[in-house]
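So the structure is just underneath, and the comments pick up after that.
Coordinate-derived values only; no laboratory data. The shown structure was predicted, so the numbers you read here are calculated from the model rather than taken from an experiment. Cβ placement follows ideal geometry from the backbone for every residue including glycine, while neighbour counts extend to all protein chains displayed.
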Amino acid sequence: MNNDLNGKTSLVTGAASGIGKAVALLFGQHGANVMVSDIDQVQGQQVADQLSAAGTKARFFRADVSDPVQCQQLVQETVDAFGSLDMACNNAGIGGELNMTADYSLDGWQQIINVNLNSVFFCLKYELAVMLKQGSGTIVNMASILGQVGTAGSPGYVTAKHGMVGLTQTAAIEYAPKNIRINAVGPGYIDTPLLSQLPPDVKQQLIGLHPIGRLGKAEEVAELVIWLCSDKASFVTGSYYPVDGGYLAR
């Protein structure tokens, strides 16, 4: 165990599986307390139990981050449980409807903007309130390669992730003088259970979009998040960091 984050408290949304789970587990390995949050009660509690079994102080709190009231409750629950909120990874998100822009449903649009963009604003709002009182903190927002470029058939997702990057940059400028750092991470296609359900030919097409010749691993994204939250990244704020196997360099 690397204890460089010993005694600090972290909060991870969408932490029941995939990238969020990898981030939560790595926070624990680095000595941090971890608040695990997700709408999936069963898997979320399993992640918290896994952390506790490894000697980490961990809790699970179920929250739908598209609801500002639940975001506020989540942050308050974290402070009540551990006494502080030093690091947050706003990771929760969905893929949403796949459709061309003219055919995209109004409900589908509203849902993905709520879950993938509004939620980040809600979480930031309440996380920042705590960090301002403390006089320090770090936040990482989980964007995507599609926070930088477009792709056909996902106008809602692309818009939400672009918006998240802009929100990250704006908040970073606002709170840099207050000793709070805020950055965004842009994963390429990551080999999660979701992608394993794809037909082999589709998965191969996705692999072909990455010059490195494979999909990413959730743990590789987590390593970047932990670095951004650590003192090693003390001069890094307002940045967008791809972890994409060369996708954006094409």
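Observations, loosely collected:
- Pairs where the first residue, in segment 1-16, is of a type in the set (Asp, Glu) and the second is part of a loop (DSSP other than H, G, I, E, B) and surrounded by 13 or more Cβ atoms within 10 Å (Cβ to Cβ), C-beta under 7 Å, 6+ apart: ASP4/HIS30; ASP4/GLY31; ASP4/SER230
- Test result for ASP64, surrounded by fewer than 22 Cβ atoms within 10 Å (Cβ to Cβ) and either aromatic (Phe, Trp, Tyr) or in contact (Cβ under 8 Å) with a residue 24 or more places away in the chain (or both): yes
- Of all residues making up segment 155-180, the number that are among the basic types (Lys, Arg) and touching a Phe, Trp or Tyr at 6+ places or on another chain (Cβ under 8 Å): 0
- Some residue of segment 80-96 being touching a Leu at 6+ places or on another chain (Cβ under 9 Å) and surrounded by fewer than 15 Cβ atoms within 10 Å (Cβ to Cβ): yes
- Output for segment 162-207, where each listed residue is over 17 Å from PRO242 (Cα atoms), in contact with a strand residue (DSSP E or B) (Cβ under 7 Å, 6 or more places away or on another chain) and hydroxyl-bearing (Ser, Thr, Tyr): TYR175
- Qualifying residue in segment 108-125 (condition: basic (Lys, Arg) and more than 14 Å from the chain's Cα centre (by Cα)): yes
- Criterion violated by ASP86 - all others in (1) on the phi > 0 side of the Ramachandran plot; (2) in contact with a strand residue (DSSP E or B) (Cβ under 6 Å, 6 or more places away or on another chain) satisfied: (1)
- Looking at GLU97, GLU127, GLU77, just one residue is touching a residue at least 12 places away in the same chain (Cβ under 8 Å), of a type in the set (Asp, Glu) and closer than 23 Å to ALA152 by Cα, and that residue is GLU97.
- Filtering segment 1-53 to residues that are farther than 20 Å from CYS229 by Cα and acidic (Asp, Glu) leaves ASP38, ASP40, ASP49.
- Members of segment 59-87 found to be of a type in the set (Gly, Ala, Ser) and over 11 Å from VAL130 (Cα atoms), listed by number: ALA63, SER66, ALA81
- Every listed requirement among (1) buried (at least 18 other Cβ atoms within 10 Å of the Cβ); (2) closer than 15 Å to SER230 by Cβ; (3) out of contact with any Asp or Glu (no Cβ under 7 Å at 6 or more places or on another chain) is met by THR56 save one, (2).
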